[in-house]
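Reviewing the structure listed below.
The values are calculated or read from the model by the stated rules, or taken from the named source; none is laboratory data. For clarity, every value in this text was computed on a predicted model and none was experimentally measured. In this analysis, Cβ positions are derived from the backbone assuming ideal geometry, glycine residues included, and neighbour counts consider all displayed protein chains. With ligands, DNA and RNA removed, areas are computed over all heavy atoms of the protein, side chains included. Shrake-Rupley method; radii C 1.70, N 1.55, O 1.52, S 1.80 Å.
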Amino acid sequence: MGDSAAKTFFPTPPLLAEVPRDRWPGHVAAIMDGNGRWAKQRGLPRIEGHRQGAKTVRRIVEESARLGLRQLTLYAFSHENWSRPKEEVAQLMSLYENYLIDERPTLMKDNIHFRNIGRRDGLPESVLREIDQSERASAANTGLTLCLAVNYGGRQEIVDAARRLAVEAAAGKLDPAAIDEDRFAAALYTAGLSDPDLLLRTAAEMRVSNFLLWQISYAEIYVTETLWPDFAEADLHRAIADFARRQRRFGGLENT
Ligand code: IPE
Ligand code: IPE
Ligand code: MG
């Protein structure tokens with residue numbers, strides 16, 4: 001294999017060598033947890049864990065694009081995370097802003113389509129500006145969809161959707177009888193996006209913490225003890241290989 005070919009040729013990672021491509025998840029969603037514990041283990045301030053976590057985001061986004069996944073959704077800041085100390089919240093916001101600026105060239109190079117989900121209300125102007133800029137710049141990209149959940153809460157999303165539909169109905173523009181699952185899903189922040197096939201959570205916590213409550217109804221759940229800052233490409237491959245072994249039944253019976 002010559003140098004130029006090596007640039008475009010991406011060998012199947014060893015952990016995925018035996019896994020048929022049609023068994024891979026199309027959409028992977030991740031609850032990125034354990035940044036604080038990672039820092040604490042090292043006697044560092046929590047922000048250092050978040051900084052290291054941002055590096056993991058870069059690696060996992062690039063790897064997901066390389067693997068040809070359809071979508072990667074990352075839980076970056078929850079509605080409930082506002083209850084953290086002001087200083088940590090401010091540091092996280094500035095980390096998002098810098099991430100969005102720094103990663104924009106990668107989005108374009110790797111043909112990644114960027115989407116943000118969550119409430120805009122409450123986010124600093126500077127973060128909103130960079131979100132809008134990344135969404136605009138990458139709108140025509142056709143590769144991986146990277147969806148970042150910032151100021152996101154699953155319950156809040158459902159309430160917002162219900163309110164939108166109620167407003168339309170009250171204005172006589174929507175017949176309440178026409179509200180079905182598809183119509184409701186189209187009123188969520190994730191309108192037009194697929195539901196996650198695989199939901200992974202790092203740092204061993206066995207809960208969903210208000211993430212994508214509607215969308216994960218049939219997601220396969222994978223929890224690892226690995227802390228998010230330590231989560232490596234091989235951990236993603238391991239999760240995908242594990243997913244590929246699952247029998248999804250969607251309420252039916254095996255092989256039907
Ligand atoms: C996840 O790491 C990042 C965010 C929630 C922003 P944590 O900050 O929750 O890390 P732990 O749970 O304290 O280890
Ligand atoms: C979930 O992690 C939110 C994000 C990863 C952004 P948390 O650390 O906030 O969740 P809890 O508090 O342990 O449930
Ligand atoms: Mg946590």
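Computed quantities for the displayed model
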quantity: Relative contact order for the range 183-243, counting Cα pairs under 8 Å that sit 6 or more residues apart, in percent; calculated: 36
quantity: Value of D in µm² per second that Stokes-Einstein yields for the range 122-167, Kirkwood Rh from Cα pairs, at 37 °C (0.692 mPa s); calculated: 256
quantity: MET32, MET108, ranked by accessible area, largest first (probe 1.4 Å); calculated: MET108, MET32
quantity: Dipole-positive endmost among HIS79, VAL19, GLY53 within the range 1-130 (Cβ charges, Cα centre); calculated: VAL19
quantity: Computed over the chain, Cα set: Rg, Dmax in Å; calculated: 19.1, 65
quantity: Exposure rank, largest accessible area first [TRP228, TRP38; 1.4 Å]; calculated: TRP38, TRP228
quantity: For peptides 144-151, 96-103, sequence by mean Cβ density within 10 Å, most packed first; calculated: 144-151, 96-103
quantity: Where Rh is the Kirkwood radius over Cα pairs, Rg/Rh for the range 1-145; calculated: 1.00
quantity: Amide proton proximity set for ILE117, modelled H, under 5 Å, gap of 5+; calculated: LEU148, ALA149, VAL150
quantity: Nearby aspartates and glutamates by direct alpha-carbon distance to LYS109 (threshold 16 angstrom, same-chain neighbours under 8 apart not counted); calculated: GLU62, GLU63, GLU135
quantity: Residue-span extension gain [SER83 to GLN41] - 0.36 nm each, minus C-alpha spacing; calculated: 12.8 nm
quantity: Compactness relative to 2.2 N^0.38 Å, alpha carbon Rg of the range 18-70; calculated: 1.47
quantity: Whole-angstrom Cα spans of the range 184-256 along principal axes, big to small; calculated: 37, 33, 21
quantity: Label point distance in nm, TRP214-ARG66, each placed 7 Å from Cα along Cα→Cβ; calculated: 3.5
quantity: Whole-number percent relative contact order across the range 123-256, with pairs defined as alpha carbons under 8 Å at least 6 apart; calculated: 20
quantity: Cα centroid of the range 48-118 to Cα centroid of the range 165-214, whole Å; calculated: 22
